[in-house]
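Quick notes on the structure that follows.
The values are calculated or read from the model by the stated rules, or taken from the named source; none is laboratory data. Remember, predicted model here, so these are calculated numbers, not experimental data. Reconstructed Cβ throughout: ideal geometry from the backbone, glycine too, with neighbour counts over all protein chains shown. Surface accessibility is based on the protein's heavy atoms, side chains included, excluding ligands, DNA and RNA. Shrake-Rupley method; radii C 1.70, N 1.55, O 1.52, S 1.80 Å.
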Amino acid sequence: MCMPMTGRRLTSLLAYVTTAATGASLLTGCGVLPGATGGSREPVTVMTWAPDQTRATNMPGMPAMAQTYARWVNARGGIDGHELRVLTCNEQNTTAGAAACARRAVRENAVAVVGSYSQNGRAFMAPLEAAGIPYIGGYGIAEDEFTSPLSYPVNGGVASLVAGHGMQLAGSCDRVSLVRPDTTAGDRLPELLDSGLHKASHRGAVDIPALEDAAEYTRQADRARSRAGGEKGCVTAVLGERTQTFFDSFRRLPGQQEEKRDKGAVRISSVLGSVDQPVIDRTGGPHSPFEGAFVTGWYPEAGDKSWAPMRKVIQEYAFADNRVDPADAGVQTTWIAYTVLKEVIESLRQDTITAEEISHALDRGERIDTGGLTPSLRWKYEDMLGAPGFTRIVNREVTFQVVRQGRLVAQKPGFVDVGETVLSAP
């Protein structure tokens, strides 16, 4: 029977191996990495979770990207000689599901939770904090991701997207209607959008709460259109996966298609994650209802050359898994989160990696280069934004994009700093 190899057991075994052939056979049979430094380094276990097959937002590409990343890095000898073992968990978009995933991470001795999605921050952060497990590169949807001392966000979360979106819309829209989830997290969005609009002395948006798992949004769509007015009015929806459903209801409103043809219709907009390239492709590409929409993102547009390394890994190691779409915001966030994990483990140069050592390295100020996908990331106290409810934001930059001929492209080159805008939100 082949037992897991610790550094001590493997060293003892090698002392009795008399031929290279026998040694290679034993090592291969017991799962030690090809290319590892003598096989003396312990595997590193992490977890990635996200909701899947639920009625609200689903992010199956995030665990799938984590598994793809593990296949790639292990084929190259692991991370500094450590085999990367990725556990995945369906968070189910529930507090019970999030807590169950966190408890499993603790039970299976994960040293970090990496590149995950959950709105249920209170449910998952408490078990992780009790066990000292860092949360690296969460999607940015839960407020606890930006307040817990064991959370290391790689983007500015929905807060930076929505505040930046207000800045993006301020120059083009006279009146704005915001359709957002009728949830605790959704309650913060109007003031964040308004903080961006007010940067241009713009009036605040009309707030329209809606169920995040509704089958249609005709009533909310009609109200949003009427309150936005006609030309130079804008309707923005931030409903996660249901954003597509909302804009389908919006498109079907009486007279909407005629107004659009006459160029007198209100303009639509959203943020990355609620609208991204896969959604645009699914809804008709150049003929999508999102054609012409403004979109605020965290990262460069999907066609940017900075994504080339990720695309190559997906092409070679995703094995035709269609969940791993390089244009998906969740997949992109997971790639960046695992980039952080890799650099931190490599900086430790130790045979055994613990959760405490990872968090201490990040707290000490290990600076992470993501290859231009974000500014360089560091989580020292002086790097943090310190905004109420979002104290641990260290990446305060967003990108302004627009849908042209069915593709999300840059509306404005480079990054836009929204730190002051987030700080100014009530």
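Quick check: residue separation of residue 381 and residue 219 times 0.36 nm, minus the Cα distance between them. What number comes out in nm? Numbers along the way, then the final one.
Values: separation 162, 0.36 × 162 = 58.32 nm, distance 4.57 nm.
Length difference between fully extended and current span is 53.8 nm.
Could you state the accessible area per residue of the chain in Å², with a 1.4 Å probe and every protein chain left in place?
The answer is 42 Å² per residue.
Within the chain, what is the longest stretch that has no GluC sites (Glu not before Pro) placed in a DSSP loop and near at most 16 other beta-carbon atoms within 10 Å?
232-426
If you take volume of the Cα convex hull per residue in Å³ from the coordinates, which of (i) 176; (ii) 144; (iii) 132 do you get?
Read-out taken from this structure: (iii).
Could you give each residue of the stretch 271-279 its phi-based ³J(HN,Hα) in whole Hz, using Karplus coefficients 6.51, -1.76, 1.60 with θ = phi - 60°, and x for Gly or Pro?
Karplus values, whole Hz, x for Gly and Pro: 10, 4, x, 7, 10, 8, 4, x, 5.
My understanding is that a pair violates if its Cα-Cα distance is over 23 Å; which of 232/412; 232/305; 199/380 do that in this structure?
Long pairs (Cα-Cα over 23 Å): 232/305; 199/380.
What does the charge count near residue 227 come to, summing +1 for each Lys or Arg and -1 for each Asp or Glu among other residues with Cβ under 11 Å from its Cβ?
Value of the local net charge: +1.
Using each residue's phi in the stretch 420-426, evaluate 6.51 cos²θ - 1.76 cosθ + 1.60 at θ = phi - 60° and report the 3J(HN,Hα) Karplus result to the nearest Hz, with x for Gly and Pro.
Taking θ as phi minus 60°, the curve returns 5, 5, 5, 5, 7, 5, x Hz for the stretch 420-426.
With a sphere of radius 11 Å drawn around the Cβ of residue 384, what net charge do the other residues whose Cβ falls strictly inside it have (Lys, Arg +1; Asp, Glu -1)?
Values: positive: 378, 380, 392, 396; negative: 382, 383.
Around residue 384, the charge tally is +2.
For the stretch 336-391 and the stretch 87-129, what is the centre-to-centre distance using only Cα atoms, to the nearest Å?
20
Can you tell me the 0 to 90 degree angle between the C-alpha axis of helix 355-364 and the longest principal axis of the chain, rounded to 10?
Between helix and principal axis, roughly 60 degrees.
Of all accessible surface on the chain at a 1.4 Å probe, what whole percent is carbon and sulfur? Mind dumping the intermediate values first?
Details: 8760 of 17910 Å².
Carbon and sulfur: 49 percent of the exposed surface of the chain.
For the chain, give me the percentage of DSSP beta bridges that are antiparallel, rounded to the nearest 5 percent. Intermediate results must be reported in sequence, preceding the final value.
Numbers: 13 of 42 bridges.
Of all bridge pairs located within the chain, approximately 30 percent are antiparallel.
Once fully extended, how much extra length lies between residue 311 and residue 76, figured as 0.36 nm per residue of separation less the alpha-carbon to alpha-carbon distance? Walk me through the numbers before you get to the answer.
Values: separation 235, 0.36 × 235 = 84.60 nm, distance 1.68 nm.
Between residue 311 and residue 76, full extension yields 82.9 nm more.
I need the calculated FRET efficiency for the pair residue 410 and residue 321, taking r as the beta carbon distance and R₀ as 30 Å, to the nearest 0.05.
0.60
If amide hydrogens are placed 1.01 Å from N in the peptide plane, which non-local residues have theirs closer than 5 Å to the one on residue 211?
When sequence neighbours closer than 5 places are left aside, the close amide H contacts are 182.
Extending each Cα 7 Å along its Cβ direction at residue 185 and residue 226, get the distance between those two points in nm, one decimal.
3.1
When the helices in the chain are scored as -39500 (n - 2.57) per DSSP H run of 4 or longer and the sum is shared across all residues, what 222 nm value do you end up with, to the nearest 500 deg cm²/dmol?
-11500 deg cm²/dmol
³J(HN,Hα) across the stretch 318-323 via Karplus (A = 6.51, B = -1.76, C = 1.60, θ = phi - 60°), whole Hz, x for Gly/Pro?
Calculated HN-Hα couplings, in order: 7, 6, 6, 6, 6, 6 Hz.
To test your reading of the geometry: what angle, between 0 and 90 degrees and rounded to tens, separates the Cα axis of helix 61-75 from the longest principal axis of the chain?
The two axes meet at around 30 degrees.
The stretch 270-338: which chymotrypsin sites (Phe, Trp or Tyr not before Pro) are DSSP loop and have at most 14 other beta-carbon atoms within 10 angstrom?
In loop regions of the stretch 270-338 (DSSP not H, G, I, E or B), the sparsely surrounded chymotrypsin sites (Phe, Trp or Tyr not before Pro) are 319.
5 Å is the cut-off here: which amide hydrogens, built 1.01 Å from N in the peptide plane, fall below it relative to residue 112, excluding neighbours closer than 5 in sequence?
Here 47 satisfy the definition.
If you line up the long axis of helix 20-29 against the longest principal axis of the chain, both from Cα atoms, how many degrees apart are they, to the nearest 10?
Here the helix axis deviates by roughly 40 degrees.
Translational D (Stokes-Einstein, µm²/s) of the stretch 304-407 at 4 °C and 1.567 mPa s when Rh comes from the Kirkwood sum over C-alpha pairs?
On the way: Rh = 15.9 Å.
The diffusion coefficient I find is 81 µm²/s.
Give me the net charge of residue 48's neighbourhood, meaning all other residues with Cβ under 15 Å from the Cβ of residue 48; Lys, Arg count +1, Asp, Glu -1.
Within the 15 Å Cβ shell, the charges total -1.
Straight-line reach from residue 342: which aspartates and glutamates fall under 14 Å, measuring Cα to Cα and dropping same-chain residues less than 8 apart?
80, 83, 357, 366, 369
Listed highest first by mean packing, meaning other Cβ atoms within 10 Å per residue, what order do 267-278, 66-77 come in?
Numbers: 267-278: 25.2, 66-77: 19.8.
Ranked by mean Cβ neighbours within 10 Å, highest first: 267-278, 66-77.
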